[in-house]
Amino acid sequence: MGKKEEIEERKKKEKIRQLRKGPDLEQFLEGRKRKFTTYAQGASLYSMNYYSFVTLVKAAHANIQIKKKVIVDLELVEKYIEENCREEGEKNV
């Protein structure tokens, strides 16, 4: 195998490694004012069960899918909670 073919083979392997690794989400989130997180991190942040948090996020339309990864816009979740959820004992005004 020649030097040129070896370089091409190395580039192919590197490209396959990058595709398996998935997208670099930091490039989408850098310098943004909005807060984003994953389902698991958001569930622990709000002290909720994982699937309850996923249901809440989907109801708020705050999930953003990037390839196989999903990120959650926490500002939309907060807005949804403020508009639709009341504290216990709070009367309907």
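Key figures
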item: Additional length obtainable on full extension of the chain from Y50 to L76, 0.36 nm per residue less Cα span; result: 7.6 nm
item: Percent of Cα pairs exceeding the 18 Å cut-off, where the set is region 41-86; result: 20
item: Restraint check, K35/K68; K11/K35; K4/K69; K12/K35; K15/K58, Cα-Cα greater than 24 Å; result: K11/K35; K4/K69; K12/K35; K15/K58
item: Length added when fully stretched, N63-T38, from 0.36 nm per residue minus Cα-Cα; result: 8.1 nm
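Read the figures in this text as sums done on the coordinates, not as results from a lab. Everything quoted here is computed from the prediction, not taken from an experiment.
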